[in-house]
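Presented below is the structure to which this report refers.
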Amino acid sequence: MCLAVIAFAVHPRYQVVVAANRDEFHARPTDPAAWWDEGFLAGRDLKAGGTRLGVNRRGRFALLTNVREPSRHDPAAPSRGAFVPTLLAHDAPPVAALPAQVRTGVVHNGFNL
């Protein structure tokens, strides 16, 4: 199970504090958080090229967690890690950018975005 906690307007110095974990596949190769050429700060999954958490230079952040659905798990499903970079690169407001992600999400294993 992935877990994320978001604290908004509760810290005296930081407007938003995000703490998250990804507790599966600890041996999966990754790069630590760094600025991508695309203009956002995120770690990188070296197997599929995506990420689970990132922020762009305009302050938009995206966070993805997995949802376990054993009866619906498809080992051949595409990586969910592409959702975060796609949203961070989008110029439209999230309310306009998310519907396309939802439509393509049906071919993936379960997730929260």
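The values are calculated or read from the model by the stated rules, or taken from the named source; none is laboratory data. Keep in mind it's a predicted model, so treat the numbers as computed, not measured. Counting neighbours? That spans all protein chains shown, and the Cβs are built from the backbone with ideal geometry, glycine included. Quick note on the areas: whole protein, heavy atoms, side chains included, nothing else; ligands and nucleic acids left out. Shrake-Rupley method; radii C 1.70, N 1.55, O 1.52, S 1.80 Å.
Taking the stretch 63-92 as the range and being surrounded by fewer than 13 Cβ atoms within 10 Å (Cβ to Cβ) and within 19 Å of residue 38 (Cβ to Cβ) as the test, the residues that pass are 91, 92. The set of residues from the stretch 67-113 being under 11 Å from the mean Cα position of the chain (by Cα) and hydrophobic (A, V, I, L, M, F, W, C) comprises 82, 83, 84, 87, 88, 111, 113.
As a summary of the residue check, residue 52 satisfies the conditions (1) among the charged types (D, E, K, R); (2) open to solvent by 70 Å² or more (accessible area, probe 1.4 Å); (3) under 22 Å from residue 107 (Cβ atoms) except for the one numbered (2).
Per-residue answers, yes or no, for (1) within 16 Å of residue 113 (Cβ to Cβ); (2) among the aliphatic types (A, V, I, L, M):
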{"residue": "2", "(1), (2)": "yes, no"}
{"residue": "6", "(1), (2)": "yes, yes"}
{"residue": "20", "(1), (2)": "yes, yes"}
{"residue": "31", "(1), (2)": "no, no"}
{"residue": "55", "(1), (2)": "yes, yes"}
{"residue": "67", "(1), (2)": "yes, yes"}
{"residue": "79", "(1), (2)": "yes, no"}
{"residue": "82", "(1), (2)": "yes, yes"}
{"residue": "89", "(1), (2)": "yes, yes"}
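Pairs are defined by a Cβ separation below 7 Å, a sequence spacing of at least 6 or placement on different chains, a first member in the stretch 40-56 that is within 18 Å of residue 66 (Cβ to Cβ), and a second member that is basic (Lys, Arg); the pairs so defined are 45/28; 47/28; 51/44; 52/22.
Given the conditions (1) open to solvent by 50 Å² or more (accessible area, probe 1.4 Å); (2) part of a strand (DSSP E or B); (3) modelled with pLDDT of 95 or more, report the number of the one that residue 42 does not fulfil. So the condition that residue 42 fails would be (1). Among the residues here, residue 32 does not qualify as in a loop (DSSP other than H, G, I, E, B) and open to solvent by 90 Å² or more (accessible area, probe 1.4 Å).
Across the stretch 54-107, what is the total count of residues that are in a loop (DSSP other than H, G, I, E, B) and touching a helix residue (DSSP H, G or I) at 6+ places or on another chain (Cβ under 7 Å)?
Count: 5.
Quick check: is even one residue across the stretch 4-24 open to solvent by 70 Å² or more (accessible area, probe 1.4 Å), charged (D, E, K, R) and part of a helix (DSSP H, G or I)? No: zero hits.
Considering the stretch 52-74 alone, what residues qualify as being farther than 11 Å from residue 87 by Cβ, in contact with an Asp or Glu (Cβ under 9 Å, 6 or more places away or on another chain) and not charged (D, E, K, R)? Scanning the stretch 52-74 gives a single hit, 66. Could you identify the single residue in 80, 72, 60 that is out of contact with any Lys or Arg (no Cβ under 7 Å at 6 or more places or on another chain), among the basic types (Lys, Arg), in contact (Cβ under 8 Å) with a residue 12 or more places away in the chain and within 19 Å of residue 6 (Cα to Cα)? Just one listed residue meets the conditions, 60.
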